[in-house]
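*Asks:* Below is a structure I'd like to ask you about.
The values are calculated or read from the model by the stated rules, or taken from the named source; none is laboratory data. Here the structure is a predicted model, which is why all the values come from computation and not from measurement. All Cβ positions, glycine included, derive from the backbone under ideal geometry; neighbour counts span all protein chains shown. The area values use the complete protein model at the heavy-atom level, side chains included, leaving out ligands, DNA and RNA. Shrake-Rupley method; radii C 1.70, N 1.55, O 1.52, S 1.80 Å.
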Amino acid sequence: MYRSHTCGELRESHINQKISLSGWVHKTRDKGFVVWVDLRDRYGITQLVFDEDRTSSKLLEQARSLGREFVVQVRGEVIERASKNPNIPTGSIEVLVEDLVVLNTSKTPPFTIENETDGGEDIRMKYRYLDIRRNPVKDSLIFRSKVSMEVRKYLSDQGFIEVETPYLIKSTPEGARDFVVPSRMNEGQFYALPQSPQTFKQLLMVGGLDKYFQIVKCFRDEDLRADRQPEFTQIDCEMAFVEQEDILAAFEGLTKHLLKEIKQIEITSFPRITYDDAMKKYGNDKPDIRFGMEFGELNTVAQHKNFNVFNQAELVVGIAVPGANSYTRKEIDALTNWVKRPQVGALGMVYCRCNDDGSYKSSVDKFYSQEDLAQWAAVTGAKPGDLICVLSGDTNKVRAQLSALRMELADRLGLRNPEEFSPLWVVDFPLLELDEETGHYHAMHHPFTSPKPGQLALLDTDPGAVRANAYDLVLNGNEIGGGSIRIHDAATQSTMFKHLGFTPEEAKAQFGFLMDAFQYGAPPHGGIAFGLDRLVAILGGQETIRDFIAFPKNNSGRDVMIDAPAPIDEAQLKELNLKLNL
Ligand code: ASP
């Protein structure tokens with residue numbers, strides 16, 4: 001038996017007991033007549049003691065020869081510590097070692113196995129197995145496991161059945177490129193890895209399973225933005241005989257359950273906002289509503305006053321920044337430079353100070369009277385002491401710019417408390433989205449999303465205006481889930497494919513199986529998928545998802561530990577009938 005206890009377990013109540021422990025040498029301190037060793041495992045750290053009075057000289061020598069991260073097994077007696085360490089649960093005791101076996105030696109690790117390590121990101125990723133020994137990463141993985149368990153518990157209690165769907169499939173369009181896998185047995189043919197199990201879960205509804213879920217890997221070959229992974233995990237769900245209301249209720253339930261079990265927070269309110277309103281009020285389809293600073297559109301009160309910049313703009317829009325009238329001129333200039341950075345792209349910023357005495361002082365006083373500025377304040381909800389920041393330009397661009405400014409200011413003002421949770425449903429998404437480059441429409445969610453009842457005809461006349469039964473769940477400014485009510489009849493699905501630019505032949509070749517299935521009694525159905533990596537990170541109060549993934553890839557999609565992707569050898573290429581054309 002390697003151990004009778006773990007390194008996090010022993011307390012004063014174990015004093016005088018003979019025990020055994022196994023673990024890694026975290027640290028040794030050699031005082032000459034006494035050697036202390038901190039022994040570590042997943043559960044904690046226990047102090048081992050060897051001393052001249054009570055330990056044989058051979059054992060003492062052995063203790064002295066231990067290096068960092070050696071794997072050892074010890075037997076000994078639990079004794080009371082002379083100087084207790086109140087900072088760790090095992091701090092009242094130590095183990096007087098009677099026998100020590102080195103189970104394995106270790107090279108000196110390339111970075112310290114401490115909460116605050118000296119290792120940079122690259123080296124930690126290369127030696128991820130060592131990184132996982134560190135508490136922050138280990139605890140994040142344990143936390144993730146706890147969240148997954150609660151998801152499974154909740155959904156199966158609600159009657160959802162967990163079904164595995166295949167990974168070697170054909171393209172499922174979720175708006176990214178597919179990762180493909182060549183088939184050896186079918187020369188010249190390829191599988192695609194699922195961007196999501198979308199079509200399969202719909203087929204499970206046709207199969208009558210009624211409520212499905214799966215914690216599942218999805219693969220999307222996208223140019224990686226910061227904090228995205230080419231393979232990621234979704235909590236994927238589908239339900240039959242449901243309307244949007246049923247889905248929202250079911251997944252409010254899941255979200256409440258997780259916040260309660262994981263964070264001990266009771267959430268009662270799940271406000272809803274339409275996509276159009278979210279864009280108008282926050283410039284963003286995933287607004288963080290933990291704080292205000294809602295947009296005030298100023299066209300009617302700020303245009304036609306001889307200020308050409310505003311007169312020529314499609315949209316003039318501002319936010320009231322609470323308490324920011326205290327900003328110095330220099331700070332405001334810095335803010336103006338911030339919005340002018342290429343990443344944000346505004347041409348400039350107009351501001352208006354709201355003084356405590358009720359007067360206003362703006363950067364465009366030449367054009368605007370006190371009464372005009374009072375209207376700006378009324379529209380943006382500014383109070384004395386606030387600063388109104390105004391941007392202008394093309395509607396879409398200016399909304400995105402002001403949204404970036406709103407988030408930046410919220411960060412600076414400390415309004416984004418990671419321990420506060422504000423969910424929000426964004427509903428009524430557009431069905432289609434215009435691709436500015438190609439001039440074609442594509443599905444905003446995916447091609448299986450159903451238009452709102454009665455809007456199918458609009459597809460011919462005003463495709464951009466068609467709204468979908470599609471919804472996103474937003475938590476603290478992050479999209480954590482999205483889904484839709486699906487099309488469940490073959491005719492509508494064909495119409496949809498037509499509008500997305502598929503010929504009937506293409507649609508049949510790619511999705512014939514789904515349209516066939518729709519001819520055999522497909523029930524009305526809908527579903528949703530939550531991004532597990534992000535959800536776990538948010539619940540864990542962290543901005544990045546990487547530490548919640550055991551073996552993440554870097555920003556170039558590489559696993560630097562196993563060094564993938566990598567070339568394959570000639571023989572393998574030949575077997576697959578592939579020729580590289582490099
Ligand atoms: N398949 C969708 C996605 O991955 C989710 C859904 O519609 O249920 O975003």
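*Asks:* Does VAL242 qualify as being outside any loop (DSSP other than H, G, I, E, B) and either within 16 Å of the ligand (Cβ to nearest atom) or crowded, with 16+ Cβ neighbours inside 10 Å (or both)?
*Replies:* Considered against the rule, which asks whether it is outside any loop (DSSP other than H, G, I, E, B) and either within 16 Å of the ligand (Cβ to nearest atom) or crowded, with 16+ Cβ neighbours inside 10 Å (or both), VAL242 comes out as no.
*Asks:* Please verify whether ASP386 is closer than 16 Å to GLY292 by Cβ, away from the ligand (no atom under 16 Å from the Cβ), touching a residue at least 12 places away in the same chain (Cβ under 8 Å) and among the acidic types (Asp, Glu), treating the condition exactly as stated.
*Replies:* Yes: the conditions hold for ASP386.
*Asks:* Just wondering, is there one or more residues in region 385-393 that are in a helix (DSSP H, G or I) and either modelled with pLDDT under 95 or buried (at least 17 other Cβ atoms within 10 Å of the Cβ) (or both)?
*Replies:* Step one: filter region 385-393 for residues in a helix (DSSP H, G or I), giving none.
The answer is no; no qualifying residue exists.
*Asks:* Read through the list (1) more than 16 Å from the ligand (Cβ to nearest atom); (2) within 23 Å of ALA176 (Cβ to Cβ), then give the number of the only condition that ALA470 fails.
*Replies:* Going through the list (1) more than 16 Å from the ligand (Cβ to nearest atom); (2) within 23 Å of ALA176 (Cβ to Cβ), ALA470 breaks only (1).
*Asks:* Please verify whether GLY540 is free of Cβ contacts under 8 Å to residues at least 60 places away in the same chain and open to solvent by less than 40 Å² (accessible area, probe 1.4 Å), treating the condition exactly as stated. Please lay out each step first, then the result.
*Replies:* Details: free of Cβ contacts under 8 Å to residues at least 60 places away in the same chain: no; open to solvent by less than 40 Å² (accessible area, probe 1.4 Å): yes.
When the stated conditions are applied, GLY540 does not pass them.
*Asks:* Do we have any residue at all in region 412-430 that's outside any strand (DSSP E or B) and within 15 Å of the ligand (Cβ to nearest atom)? Even if it seems obvious, please write down each step before you answer.
*Replies:* At the first step, the residues of region 412-430 found to be outside any strand (DSSP E or B) are 412-422, 428-429.
With the extra rule that they be within 15 Å of the ligand (Cβ to nearest atom), the set shrinks to 429.
The answer is yes, given that some residue of region 412-430 is outside any strand (DSSP E or B) and within 15 Å of the ligand (Cβ to nearest atom).
*Asks:* I would also like to ask the following. Can you tell me which residue among LYS263, LYS256 is away from the ligand (no atom under 15 Å from the Cβ), buried (at least 16 other Cβ atoms within 10 Å of the Cβ) and modelled with pLDDT of 95 or more?
*Replies:* Within the list LYS263, LYS256, the selection yields LYS256.
*Asks:* Oh, and also: Starting from region 556-573, take each residue that is over 19 Å from VAL180 (Cα atoms) and list its partners that are assigned to a helix (DSSP H, G or I) and open to solvent by less than 70 Å² (accessible area, probe 1.4 Å), counting only C-beta distances under 8 angstrom and pairs at least six apart or across chains.
*Replies:* From region 556-573, the pairs are VAL560/MET125; MET561/MET125; MET561/ARG128.
*Asks:* Spot the failing condition for MET279; the list is (1) more than 16 Å from the ligand (Cβ to nearest atom); (2) more than 19 Å from the chain's Cα centre (by Cα); (3) surrounded by fewer than 19 Cβ atoms within 10 Å (Cβ to Cβ), and only one is missed.
*Replies:* Checking MET279 against (1) more than 16 Å from the ligand (Cβ to nearest atom); (2) more than 19 Å from the chain's Cα centre (by Cα); (3) surrounded by fewer than 19 Cβ atoms within 10 Å (Cβ to Cβ), the one that fails is (3).
*Asks:* Is it the case that GLU174 is surrounded by 14 or more Cβ atoms within 10 Å (Cβ to Cβ) and assigned to a loop (DSSP other than H, G, I, E, B)?
*Replies:* Yes, satisfied.
*Asks:* Please work out if ASP333 is surrounded by fewer than 16 Cβ atoms within 10 Å (Cβ to Cβ) and either outside any helix (DSSP H, G or I) or at pLDDT below 95 (or both).
*Replies:* No; evaluated as a whole, the condition is false for this residue.
*Asks:* Please enumerate the residues belonging to region 497-532 that are open to solvent by less than 10 Å² (accessible area, probe 1.4 Å) and closer than 23 Å to GLN234 by Cβ.
*Replies:* PHE511, LEU514, HIS525, GLY526, GLY527, ILE528, PHE530, LEU532
*Asks:* Could you check region 183-230 and list, in sequence order, the residues that are away from the ligand (no atom under 13 Å from the Cβ), open to solvent by 40 Å² or more (accessible area, probe 1.4 Å) and assigned to a strand (DSSP E or B)?
*Replies:* Of everything in region 183-230, those that are away from the ligand (no atom under 13 Å from the Cβ), open to solvent by 40 Å² or more (accessible area, probe 1.4 Å) and assigned to a strand (DSSP E or B) turn out to be PHE190, TYR191, LYS211, ASP221.
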